[in-house]
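Written below as C-alpha cells is the structure these notes are about.
Read-outs: derived from the displayed coordinates by stated rules, not from any lab. Nothing here was measured: the structure is a model prediction, and the numbers come from that model. Cβ atoms come from the backbone with ideal geometry, glycine included; neighbour counts cover every protein chain shown.
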C-alpha cells in the first residue's frame, strides 16, 4: 500500500516539476520578447530624434500618460487603455500637424512592452505559487 501511495505522490511531484519548468520557460521567453521590443522602441525613438533634428526639445513632463495599470487582488495583472480616443490622438500634438512615423512605431513598441511587463508579472506570480507547491510536496516526502 505504501509503495502505491509513494508512486502516486511521485507522479504529483513530477507534474509539479513539469509545471514549474514550463512556467520558467515561459518567463524566459517573455523576457526575451520584452528585450527585443525595448530595443525596437529605442531604435524608433533614435530614428525620430535624428529625423526631427536637434532643435526640438521634448520633455516627458509635457506628455500625458495614456495607459493605466489596474491591479486586482489575485494572480493576473491587467493593462487597460483609456477609452478617450481624443487624448490618444493628441499625444504627439506637440510635434506638429503630422506625427513622425518613427514616433508612432515607438509608441506601439512601448505599449507592447508594457503589456509584456504585465504578463511577466502574472507569470512570476504563477511561478512563485508553483514553487510553493513543489516545496510543500518536498516537505511531505520528508
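Structure data summary
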| item | result |
| --- | --- |
| Chain lengthening between residue 115 and residue 24 when straightened (0.36 nm per residue, less Cα-Cα) | 30.9 nm |
| Sorted peptide list for 26-39, 101-114, criterion being average Cβ within 10 angstrom, highest first | 101-114, 26-39 |
| Theoretical gain in end-to-end length, residue 133 to residue 108 [0.36 nm per residue, Cα-Cα removed] | 5.2 nm |
